[in-house]
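The values are calculated or read from the model by the stated rules, or taken from the named source; none is laboratory data. Remember, it's a predicted structure, so these values are computed and weren't measured experimentally. Don't worry about glycine lacking a Cβ; one is built from the backbone with ideal geometry, like all the others, and counts go over all protein chains shown.
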Amino acid sequence: MFSFLKSKKYKPTTVKSTYYIRECLIHTSEDLIKILNPKKGGDTIEEKVRDEIKFKDLPLLNLSEKMIINAMENPVYIHDNSEVIKGHRVLFYKEDVEFYRFLIQFHFIYNDFFFVSNKVSSSGMLSNNEKSKIVNQLKRKYLSDKPQKGDSFLLNLEDKNGSVLNTIDDVYFYVNYLSGIELTNKLKQRYSDFNADNPKPAFDESIDKYF
């Protein structure tokens, strides 16, 4: 994204882990299940795309830490979340491109890559014009053969491998990528019984009907 602009990469430094842990999108098995099943809003543009979905020209299938480091140098922080989700490890990168700031997180479970998220900001939250520029660039990359009407900021694109690109327009703007349907289905199956194995406390059950 924005490869035509000069990128400033942050060199690894001694950092406070709290910032990156807070920014991490997957803390628990519940978070993992939500990521593996991205929500689609009513105005989401959903399309099957012809070209393979990639992140910064990196393939989503069989992506390794070595491939990421060769392409992007060493991460600014590595978060080991194995105490909560066994084998879960996250590589963080920060880059500046002109007025844009990118916080990128690559997620692995037992060395299998399955998810990368790119949080995009500028001096603060993105303006609608800035969001449009990002979404339009993604459309040009993947939907040039499928002209789109409307001005939705929400995309859900899937390639022939079952890899998915989806955008999230919330407090911040995210472009998220899931690797291939084979691996994501394995993870869904592995963690789908999380809620069954961890029933709600009685208090939670008693107030559910009021919300």
Output the qualifying pairs, or none if there are none: Cβ atoms under 6 angstrom, residues six or more apart or on different chains, first residue in the stretch 67-79 and in contact (Cβ under 8 Å) with a residue 12 or more places away in the chain, second residue assigned to a loop (DSSP other than H, G, I, E, B).
-> Asn74/Pro12; Val76/Tyr10; Val76/Pro12; Tyr77/Val15; His79/Cys24
Index of the failed condition, Tyr110 passing every other in (1) under 17 Å from the mean Cα position of the chain (by Cα); (2) at pLDDT 95 or above | (1)
Contact list, first residue from the stretch 15-36 and under 18 Å from Asn118 (Cβ atoms), second anywhere and among the polar types (S, T, N, Q), beta-carbon distance below 6 Å, six or more apart or interchain, is Leu25/Ser117; Leu36/Thr184
Restricting attention to the stretch 132-184, the residues that are over 17 Å from the mean Cα position of the chain (by Cα), under 22 Å from Leu61 (Cβ atoms) and assigned to a helix (DSSP H, G or I) number exactly 3
Condition set part of a strand (DSSP E or B) and touching a Leu at 6+ places or on another chain (Cβ under 8 Å), scope the stretch 89-98, selection farthest from Leu25 (Cα to Cα): answer is Val97
For the stretch 64-81, name all the residues that are under 13 Å from Asn111 (Cα atoms), over 17 Å from the mean Cα position of the chain (by Cα) and among the aliphatic types (A, V, I, L, M).
-> Met67
Residues in the stretch 154-161: is at least one charged (D, E, K, R) and in contact with an Asp or Glu (Cβ under 6 Å, 6 or more places away or on another chain)?
-> yes
State all residues of the stretch 99-121 that are in a loop (DSSP other than H, G, I, E, B) and either of a type in the set (Val, Ile, Thr) or touching a Ser or Thr at 6+ places or on another chain (Cβ under 9 Å) (or both); if no residue qualifies, say none.
-> Phe99, Asn111
Identify the residue in the stretch 171-206 that is more than 27 Å from Leu103 (Cα to Cα) and loosely packed, with under 10 Cβ neighbours inside 10 Å and, among all such residues, is modelled with the lowest pLDDT.
-> Ala196
Those residues of the stretch 40-88 which are assigned to a strand (DSSP E or B) and under 18 Å from Leu25 (Cβ atoms), in sequence order = Phe55, Tyr77, Ile78, His79, Asp80, His88
Residue, farthest from Asn37 (Cα to Cα), within the stretch 85-124, restricted to residues that are touching a residue at least 40 places away in the same chain (Cβ under 8 Å) and exposed (fewer than 13 other Cβ atoms within 10 Å of the Cβ) = Glu98
Options Lys6, Lys39; residue that is modelled with pLDDT under 90, surrounded by fewer than 15 Cβ atoms within 10 Å (Cβ to Cβ) and out of contact with any strand residue (DSSP E or B) (no Cβ under 8 Å at 6 or more places or on another chain) = Lys39
Within the stretch 40-49, count every residue that is more than 14 Å from Leu138 (Cβ to Cβ) and either touching a residue at least 40 places away in the same chain (Cβ under 8 Å) or among the polar types (S, T, N, Q) (or both).
-> 4
